[in-house]
Amino acid sequence: MAQRSARPPGGAQAAGRPGRMLRVPPQAFPAPGSQQRAAAGGRAKVPLKPGRSLMDWIKLTKSGKDLTGLKGRLIEVTEDELAKHNKKEDCWICIRGFVYNVTPYMEYHPGGEDELMKAAGTDGTDLFDQVHRWVNYESMLKECLVGRMAVKPLAAPKEISSALSEEKKPLNGMLPEKKLLGAAAKGITPSYDWFQTDSLITIVIYAKQKDMNAELVIVDCQDNRVRGEIIMDDHSYLVEVDLDHEVQEDIIVKVAEKVGKVEIILKKKDNIHWEILGQPLESCNTFIKRTDRGLFYRKCKLVSKTEVTHDTKLFCLMLPKSTHLHVPAGQHVCLKQIIAGTEVVRPYTPVLPSLPLNFKEPSHHDGAHIYLMIKIYPCGLFTQALDCLQIGDYISVSNPEGNFKKTQVQTTEDLFLLAAGTGFTPMVKLLNFALTEVSCLRTIKLIFFNKTEDDILWRNQLEQLALKDERFEVQFILSQPTKDWMGKQGKISSSLLSEFVKRSREDSKVLICICGPTPFTEQGVQHLRDLGYSQEEIHAFTA
Ligand code: FAD
Ligand code: NAP
């Protein structure tokens, strides 16, 4: 093992890989191929021993104990060396070119030791990315960092490996995010240009894709750095420039939907002529897979916090004036807080401020606020800290994530929404979208599973909506009702689903969306498959 200095990854607000921010796992390593099964995150699959919570892990990492066994040395690890560390009592794993000794973490891993062992002595990047690309392992496993891989990364995306000539292959796990990736992947490469007037700077991005819309464009301008990201299917085009002169805080974003042109309009602070736009960052003008782009965060202000039920609150966050961001239906964001000196990240699905009861017109949101409906768990690391935030405090919010596409609903005639607890959150925007914008829609049925009546989120609003719009129906099912409950009782089951999930016509085009605790979602998907629904007819919301 050659000794070598390697800087632990992490730290930057956003970056490509390595060094980008990812999120803390409820369960860091899913079973291979378990994307469909591994659902909503959250509830641990394997009960952890007392004293093995995330907080306990954070404490251990701060204790100064030598967790790598290398007394703080960072080394260069060969594939052969990595392969030797493949036992529970000596387990190294490579993620994105960085090698971690995860032996001390075994007992703290919410997914269990066996899941971690699946990647023992190998490159776990693909396994890790299958579900938990968001997990901020850099921060979590900082004290377990052994060093970097000595040669090329083991799990470089195929398109990268094949696009690079032998001598240009990246060393030490550093993956180049350059233009050739985009061209190789898509055959079309967006581009950008800029021009100015006395008072304005306009950056024009030619996405070269029709059907652009405001949700596909995310722009931030902070500390005189402008960052514009365009989402094109599963790819992302980025313009990122340190501006040559100062600009004002507010920005304007215009999207010419039919021609695929995006304009980012910045207001000059001083009416001077700019010779250049500024210094492009390394990531500028790159067109790569979305999953290879690091999560970008901006700080948002908490402007209100209102009770929804005894344990769930609606948090309203205000985006900075210099941000353009709309979270599409079915997608989530990550929130990030520093807790006990460690970055902790959790995903949350934005909702609307309330259920719009007039679904005649598409509801227009101001675009300046994000509403999150969040259950505060008595022992929840993140939600307890979140609940302590005061109005006016700031919290980091990421770009949208998720694999749900609105096109899945656009041709749906019967939409079934199966939600358990806060698994209701993705259904809110979906309901709104389906009722306002899906012309062929005949029925929407929400089947909402909760423990007790007190746990039902937005019950009144849902009942009102059902009264107002004959296409919409809601069924509440309680698993732990009081004896006064006159409604349906039980848990998700095949018989229950066969009773409620029925096509309105024999040949109806159906979509069934399901979201809740992981086992709920897994069981639901299985029951639906058993009832004869195809994979295309089911969407499970997962991490
Ligand atoms: P942890 O410290 O992780 O857990 C502590 C204890 O709290 C656990 O042992 C358990 O007893 C209990 N607990 C924690 N999480 C869960 C859980 N998920 N299910 C059951 N018991 C639990 N949550 C929302 O409230 N609103 C949302 O909109 C939302 N959107 C999500 C979107 C995605 C894609 C995913 C994967 C999860 C979403 N969650 C949402 C769950 C959220 O990310 C966290 O898991 C949750 O807030 C708990 O975090 P914590 O750190 O407070 O709890
Ligand atoms: P909860 O109150 O604990 O449970 C809601 C209902 O689901 C209850 O009736 C409960 O019955 C039932 N349930 C729980 N576990 C079950 C299981 N193993 N099998 C069958 N039914 C089960 O739920 P919650 O605390 O709000 O949690 C909501 C979950 O949704 C979280 O895990 C969260 O991570 C997830 N979520 C995911 C997303 C996403 O997009 N992926 C978005 C939002 C929320 P019991 O009485 O038996 O417990």
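Annotations for the structure displayed:
- Among the chymotrypsin sites (Phe, Trp or Tyr not before Pro) within region 269-367, not one is in coil by DSSP while having at most 12 neighbouring Cβ atoms inside 10 Å.
- Cα-based Rg of region 255-403 normalised by 2.2 N^0.38 Å, two decimals: 1.24
- Gap separating the Cα centres of region 450-494 and region 403-421, nearest whole Å: 19 Å
- In terms of other Cβ atoms within 10 Å, His527, His369 run from fewest to most in the order His369, His527.
- What separates the Cα centres of region 82-151 and region 240-307 is a distance of 35 Å.
- When the alpha carbon gyration tensor of region 403-520 is reduced to an equivalent ellipsoid, the three semi-axes, largest first, read 23, 15, 14 Å.
- The convex hull of the Cα atoms of region 473-543, projected and averaged over all directions, covers 5.6 nm².
- Gyration tensor verdict on region 290-360 (Cα atoms; rounded if a/c is under 1.5, prolate if a/b is larger than b/c, oblate otherwise): oblate
- q = 0.12, 0.20, 0.21, 0.22 Å⁻¹, region 371-423: log10 I(q)/I(0) [Debye, one scatterer per Cα]: -0.50, -0.96, -1.00, -1.04
- Among 253-259, 212-218, the order from most to least packed when residues are scored by Cβ within 10 Å on average: 212-218, 253-259
- Segments 235-246, 432-443, 87-98, 494-505 sorted - mean Cβ within 10 Å per residue, highest first: 87-98, 235-246, 432-443, 494-505
- Across all C-alpha atoms in region 335-428, the radius of gyration and Dmax reach 16.0, 49 Å.
Throughout, read-outs are computed from the coordinates displayed, never taken from laboratory work. All values derive from a computational prediction rather than experimental measurement. As a convention, Cβ positions derive from the backbone with ideal geometry for all residues, glycine included, and neighbour counts pool all protein chains shown.
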